[in-house]
Amino acid sequence: SNITIDRLYTGFMSLVKESQIRDAGGAIVEAFTQTPASEAAPGETIEYRLTYENISSPLGASTDSVTLDATNFTILEDGNAGTNNWAQFTTHVAGSATSSAGAIGYAETSADPTAAAEPVAPANVEKYDNVVPSVAPGVTGTFEFDRTVD
């Protein structure tokens with residue numbers, strides 16, 4: 001018999017946030033980790049790396065199933081939201097934000113409703129967004145940015 005189950009499937013995107021600390025000379029003080037053991041000192045740089053993955057099964061893994069593409073997948077990093085406080089104590093490193101896919105937007109204040117092009121120094125950035133047009137099943141990607149501790 002053929003049984004159809006129509007239900008909403010949420011939670012098929014996985015996101016891992018890690019940070020790494022480098023001293024002023026570029027040497028690694030603490031390698032990428034989800035739970036930093038040390039605090040960055042003034043003049044050191046914190047490198048943030050967000051890795052995402054569509055954990056749904058690719059087509060062919062099971063018969064008669066649809067693929068779960070994540071469309072317009074957006075990573076929003078606000079340095080003043082929730083438990084984040086990096087906007088208060090760090091400064092954006094110009095040209096450091098990279099993404100394996102999609103556009104990166106910058107907002108000089110958390111209150112800015114939309115992100116724009118990277119501001120010209122010495123303007124600061126308090127919020128980043130990375131909009132990835134589509135993430136197919138099994139696909140991973142990264143969004144990275146650096147902040148210098150004031």
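For the range 106-120, state whether one or more residues are over 15 Å from the mean Cα position of the chain (by Cα) and within 22 Å of F32 (Cβ to Cβ). No, every residue in the range 106-120 fails to be over 15 Å from the mean Cα position of the chain (by Cα) and within 22 Å of F32 (Cβ to Cβ).
Quick check on my filter: what residues within the range 7-54 are in a strand (DSSP E or B) and among the polar types (S, T, N, Q)? Correct list: S14, S19, Q20, T33, T45, T51, N54. Restricted to the range 1-45, and to residues that are more than 30 Å from P137 (Cβ to Cβ), of a type in the set (A, V, I, L, M) and open to solvent by 70 Å² or more (accessible area, probe 1.4 Å), which residue is modelled with the lowest pLDDT? Result: A37.
Is it fair to say V66 is among the β-branched types (V, I, T) and under 14 Å from Y48 (Cβ atoms)?
no
The values are calculated or read from the model by the stated rules, or taken from the named source; none is laboratory data. None of the values given here were measured: they were computed from a predicted structure. FYI the Cβ positions are ideal-geometry reconstructions off the backbone, even for glycines, and counts take in every protein chain you see. We work out accessible area using only protein heavy atoms, side chains counted, and drop any ligands, DNA or RNA first. Shrake-Rupley method; radii C 1.70, N 1.55, O 1.52, S 1.80 Å.
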